[in-house]
1. Just need a number here: residues in region 94-145 that are surrounded by 12 or more Cβ atoms within 10 Å (Cβ to Cβ) and either outside the structural domain of residue 161 (by TED's automatic domain parsing) or assigned to a helix (DSSP H, G or I) (or both).
2. Kindly evaluate residue 130 against the criterion of being of a type in the set (Asp, Glu) and under 21 Å from residue 169 (Cα atoms).
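The values are calculated or read from the model by the stated rules, or taken from the named source; none is laboratory data. Because the structure is predicted, anything quoted here is derived from the model rather than measured. Cβ sites come from the backbone with ideal geometry, for glycine too, and all protein chains shown count toward neighbours.
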Amino acid sequence: MRFARTIATCLGLSGLMACDMIGADANIAANEANAASAAPALPAGAPPSLSAPAPQPEPDLEGARVLIGQLYMPYTRGEIPRVGNVYTPELAAAIARQSDDETGLGYDPFCQCQDFGEFSYTIHSVERVEGGALARIGIDNFGEARVIALRLAFRDGAWLVADIGEGAESLLNGR
């Protein structure tokens, strides 16, 4: 009913500017009425809440295991992994700072080696940590066994390697 009165008032005015302002007032009132009728009823005395984005579901750890397989399976076939850039920007920058020459680190950080052969790996564990996952990978290269820790981050819908370490060694921390 308010909208009809507003239009009648608008037609009776001579200035377009005044008509637009009254029309805008009518649209605002109509939008408020529509919003009020669509809004869920709150219990008496309940404070109105702000719309918060829906919480993001925890990333599936199976995706982290797939990335680990993509990184380590090629070694078992005598191949170097070619999975593209799998590092977070922070780890890529840390690797660049530690590179001894233009070619990089001088060793493969995933197997902690310069050469590989008779290679096998086992995923010991993949567990959630803040911001992603921590994986412990047992590798055997030329009969030498070791455990590599991969810190994985889930960003923009993909798992990335955030750090690689063995014992107290860590690429991200430069030691």
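1. 3
2. yes
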